[in-house]
Amino acid sequence: MQNKLSKMTCIEDLRKVAKRKVPKMFYDYADTGSWTESTYHANSNDFQGIKLRQRVLTDMTGRTLESTMVGQQVKMPVALAPTGLTGMQHADGEILAARAAEKFGVPFTLSTMSVCSIEDVAENTSAPFWFQLYVMRDREFMRDLIRRAQAAQCSALVVTADLQVLGQRHKDIKNGLSTPPKPTLRNWLNLATKPEWCLAMLNTQRRTFRNIVGHTKGVADMTSLSSWTSEQFDPRLSWKDIEEIKDLWGGKLIIKGIMDAEDAEMAVKSGADAIVVSNHGGRQLDGAPSTVHALPNIISVVGEDIEVWLDSGIRSGQDVLKAIAMGAKGTLIGRAFLYGLGAYGEDGVTRALEIIYDEMDTTMAFTGHTDIKMVNTDILIPGTYPVAG
C-alpha cells in the first residue's frame, strides 16, 4: 500500500484511481456539476490563470503553515468540506475521512446527508468535528440534529445556505442516482467491475442516510427516505432562520454558500463567525462566477468583520496558497479528499492532505515566505489575479 501511495504525487493521480475503483453512479455524483458544468470547470480553471511571483536568496528555513479557523488551531488553513454520500465513495467513508483529518490536524465536517451518522463519527474519533446542517421543512428534525451535534461535542456548525432548491445534475439523472439507487442492468454490470468496493460495502451496516433514518417520523428505511428527502429541502429558508439556528446552537457558526457581497454583509449582521465563499462546487447555479473571482469583492466589504473562507475548485496546495494570498483566512476541500477516499480509504485521505500540505509549503518557500500568516498578494503577479471592482 505504501508503495502505491508514494506514487500518488498529485490529486489528479488519486482521481484516476478513484474513477477506476468507485461505481460510476457514485463517482459521477462526486465529480460532476449542474447543467453545462461551466461553473464547475471555472472553479478550478480560474486558479490556473493566477501566476506566482518567484523570489530567491531568502532564508527558507523554519517554515510553518499553522493557522487558526474560528479559533481552532490547524496544521494548515484547510478543512474537509461536508460532502453528501461520502460513505458511498468508500465503506464507512465519513469515519475514515474524520480519522485522517484528526491525525493530520485539520477539521472534518460531517454532512447532514452523510451515510455515517453523527454518533457513528463521534464513537470512532476523539477530536471534535464540525457538523453541517441542511435546513429541512421538518423544523423539529432540524432542532434534533442540532441537539445531537451538541451531544457529540461538535465544535462548529456549518449552515449550507445555497441548497434551498436543487440544481439539475445531468449525470445523476442518467445514472439513475436516487434514494435508493435504481437497480438498473447498467448499474449492476458496473458494480460487477468493482469487487473491492462491493466487498467493503458488504462488510458494513452503514449504507443509508443514518442521520435521518430512524430519527424522523415516517422514515424507517431507504424506500420511505426517498419521498421524505424529495419534500424536505426548504425554499423558505431565510436570514430569520439563521438567527434561530444561532440561538439554538450557541457555538461557532459558519455560513457556507456566500457568493455576493450583500449576502456577506447579511452574514456579518447575523452574528456568524465565518462565511465560506462557495458555489457548492459548481453543483447548484451553473453560470455563476468561480469562487476565486467572487472572493475579492466579498473580502473588500466584510474582510475585517468576519473570517472569509473559500471552497470549490481547490485541487492543489498552490490553489490554497493563492486563496490565502488573496485574503481568505481558510479553505475547504471536497473532491480532493473524496478522490483519496475512493482510491485508498483512510490512507488515501491522508495522502491527499499530505500532497496539498507539501505543495503549499514548497510553493510558499519559492515565493520567499516562511509563515502562512504573512502571505498576501505580494506573492502574485499583478494583472493575473481577480481584484475587487
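The values are calculated or read from the model by the stated rules, or taken from the named source; none is laboratory data. From a predicted model like this one, the values you see are computed outputs, not experimental measurements. Cβ placement follows ideal geometry from the backbone for every residue including glycine, while neighbour counts extend to all protein chains displayed. Remember, those area values only see protein heavy atoms, side chains included, never the ligands or the DNA or RNA. Shrake-Rupley method; radii C 1.70, N 1.55, O 1.52, S 1.80 Å.
The residues of the stretch 351-371 that are over 21 Å from TYR385 (Cα atoms) and open to solvent by 20 Å² or more (accessible area, probe 1.4 Å), listed by number, are ARG351, GLU354, TYR357, ASP358, THR370, ASP371.
For first residues located in the stretch 259-271 and under 18 Å from LEU163 (Cα atoms), partners that are of a type in the set (Asp, Glu) and lie 6+ apart or on another chain with Cβ distances below 8 Å form the pairs MET259/ASP162. SER316 passes every criterion in (1) in contact with an Asp or Glu (Cβ under 6 Å, 6 or more places away or on another chain); (2) within 23 Å of GLY71 (Cα to Cα); (3) of a type in the set (Ser, Thr, Tyr) apart from (2).
Can you say whether GLY348 is surrounded by 21 or more Cβ atoms within 10 Å (Cβ to Cβ) and either at positive phi or without any contact (Cβ under 8 Å) to a residue 40 or more places away in the chain (or both), as far as the supplied structure shows? So GLY348 does not fit the description; no.
Checking VAL308 against (1) more than 19 Å from the chain's Cα centre (by Cα); (2) within 22 Å of GLU66 (Cα to Cα); (3) hydrophobic (A, V, I, L, M, F, W, C), only one condition comes out false. Which one? Only one criterion in (1) more than 19 Å from the chain's Cα centre (by Cα); (2) within 22 Å of GLU66 (Cα to Cα); (3) hydrophobic (A, V, I, L, M, F, W, C) is unmet by VAL308, namely (1). On inspection, LYS329 fails the criterion of being surrounded by 24 or more Cβ atoms within 10 Å (Cβ to Cβ), of a type in the set (D, E, K, R) and over 15 Å from the mean Cα position of the chain (by Cα).
So is THR384 in contact with a Pro (Cβ under 9 Å, 6 or more places away or on another chain) and outside any helix (DSSP H, G or I) or not? Answer is no for this residue. Residue-level analysis places PRO296 among those that are under 17 Å from ALA388 (Cβ atoms), open to solvent by less than 20 Å² (accessible area, probe 1.4 Å) and touching a residue at least 24 places away in the same chain (Cβ under 8 Å). Out of ASN175, ASN187, one residue alone is more than 22 Å from the chain's Cα centre (by Cα), closer than 26 Å to LEU332 by Cβ and not acidic (Asp, Glu). It is ASN175.
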